[in-house]
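Below is one structure; the comments refer to it alone.
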Amino acid sequence: METDPYTLDDLNIFSTQTNKISLFNFCDHTRTNGGSKALRKRMEQPFSTVEKILSVQLSITYMNEHHLGFENLPKNIVMKNVDTYIGGALPMVNSTNPIEFIIEAFSLWFNYEKFYFSIVRGVKFTCTLLKLLRQLIKNMPKLSSSGEILSLLDEIKIILARDELTKIKSPKNGSYSVLQTIRLDQTFRLKEMHSIRKLILLTYEIDALMAMAICTKNNGFILPDIKPGAPHIQAKELVQPLVENAIGNNMILHPKKPLLFLTGPNMAGKSTYLRAVGTALYLAHLGMGVPQGKRV
């Protein structure tokens, strides 16, 4: 599906009007800022292939069936602190020589107290991120064919199994010593920085998918049948999700009936009908459910 700024504006996908809710706001049930950005990116680029759409549909179905397992998905306070820590410009001990490492570690702790406590905070939240993601993987029922979420969880599982990350243990006395903290900082920002960055991005993508699943479930949206072949639209009781108490309307278009003539007086609902159809097509190409109403 191809979109342009005019279509996105007409369908109110990303409204900038303060008194008007957008479809993005309507769907944004993310728990992190990064997840919200990932969701927006998805909504800026709806899919054009059956395979990708079905991959998201499978994910949404799975996540709604096992939503309790995703309660361990890290929240914004964790992700924000890890993101800031990994992307920051804090001083780092690079030495691997044991003696040099001890000297540089205590020098950083003694001479750069402000930076050191930022490192402590970053290490703490990164360890929390790893712990929550391990719980998430552990609590997930075995996946066989669940679309995009399967590949995302598999990537997380592979990263968490890396040697440097499996060595990390919880502190015995509730907090890490100076040397343990600096050693973990080395792991997170030197040896495994790429891995941590990848975990952050994967978490945001899962957060975005979960938001789409929540929106689909909470609003009673119906996942449409997506089939390859010539363009074909058949829908019953379509409504515009942002219109309260909307009346559902039907739509049928196919190669033998490729046109629809829509007539009626001013303010009869022609534009609302077109927006309902356009919004349904748009949501379907995201892999989400389609809003339906009841005829009155």
| query | Under a straight-distance cross-link criterion of Cα-Cα below 22 Å, which lysines are reachable from Lys131, leaving out those fewer than 8 residues away in the same chain? | reply | Lys75, Lys80, Lys142, Lys157, Lys167, Lys169, Lys172, Lys191, Lys198
| said: On a 1.4 Å probe surface of the protein chains, which of Cys127, Cys27 comes out largest in accessible area, and what is the full order? | reply: Cys127, Cys27
| request: Heads up, I need the accessible area for Ile21: 1.4 angstrom probe, whole protein in place, Å², nearest 10. | output: 90 Å²
| task | Run the accessible area of the stretch 1-129 with a 1.4 Å probe and give the carbon-and-sulfur part as a rounded percent. | result | 55 percent
| Full extension from Lys20 to Thr7: what is 0.36 nm times the residue separation minus their Cα-Cα distance, to one decimal in nm? | 3.0 nm
| task | Work out the FRET efficiency for Ile102 and Lys172 from their Cβ-Cβ distance, taking R0 = 35 Å, and round it to the nearest 0.05. | result | 0.95
| request: Quick one: plug the Kirkwood hydrodynamic radius of the stretch 110-156 (C-alpha pairs) into Stokes-Einstein at 25 °C, 0.890 mPa s, and report D in µm²/s. | output: 189 µm²/s
| message | Could you report the stretch 127-265's accessible area per residue, 1.4 Å probe, as an integer in Å²? | response | 59 Å²
| Ignoring ligands and nucleic acids, what accessible area does Lys198 show with a 1.4 Å probe (Å², nearest 10)? | 70 Å²
| message | Pairwise over distinct Cα atoms, reciprocal of the mean inverse distance: report the Kirkwood radius of the chain in Å, one decimal place. | response | 21.9 Å
| note | The answer for chymotrypsin sites (Phe, Trp or Tyr not before Pro) in the stretch 186-236 that fall in a DSSP coil and have at most 16 neighbouring Cβ atoms within 10 Å is none
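The values are calculated or read from the model by the stated rules, or taken from the named source; none is laboratory data. From a predicted model like this one, the values you see are computed outputs, not experimental measurements. Cβ: placed from backbone, ideal geometry, glycine included. Neighbour counts: every protein chain shown. The protein model used for the area step is the full one, side chains on, heavy atoms only, and it has no ligands, DNA or RNA in it. Shrake-Rupley method; radii C 1.70, N 1.55, O 1.52, S 1.80 Å.
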